[in-house]
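Notes for the one structure printed next.
The values are calculated or read from the model by the stated rules, or taken from the named source; none is laboratory data. Just so it is clear, the model here is predicted, and its values are computed rather than measured. Here the Cβ is made from the backbone with ideal geometry for all residues, glycine too, and neighbour counts use every protein chain on show. For accessibility, only protein heavy atoms count, side chains too; no ligands or nucleic acids. Shrake-Rupley method; radii C 1.70, N 1.55, O 1.52, S 1.80 Å.
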Amino acid sequence: MGKGDKKTRRGKIKNKTYGNLRPNPRNERKKKLKMIIFSGTATIPPSENR
């Protein structure tokens with residue numbers, strides 16, 4: 001259980017791979033961007049609802 005183990009975080013860092021233990025930062029940025037876009041367009045202020 002160390003740097004050679006493909007299932008551990010240390011092993012994934014050494015192998016330069018991603019997985020459930022080590023999420024890909026590019027995918028995390030995309031998720032945050034989607035959340036910002038969808039949360040901003042889903043709500044309509046009551047003053048513009050005439």
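Numerical summary
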| item | result |
| --- | --- |
| Close pairs (8 angstrom Cβ cut-off, 6 or more residues apart or separate chains): surrounded by 13 or more Cβ atoms within 10 Å (Cβ to Cβ) in the stretch 8-29, modelled with pLDDT under 85 and among the aliphatic types (A, V, I, L, M) anywhere | 8/1; 8/21; 12/21 |
| Filter pass, residue 44 being at pLDDT below 85, in a helix (DSSP H, G or I) and open to solvent by 100 Å² or more (accessible area, probe 1.4 Å) | no |
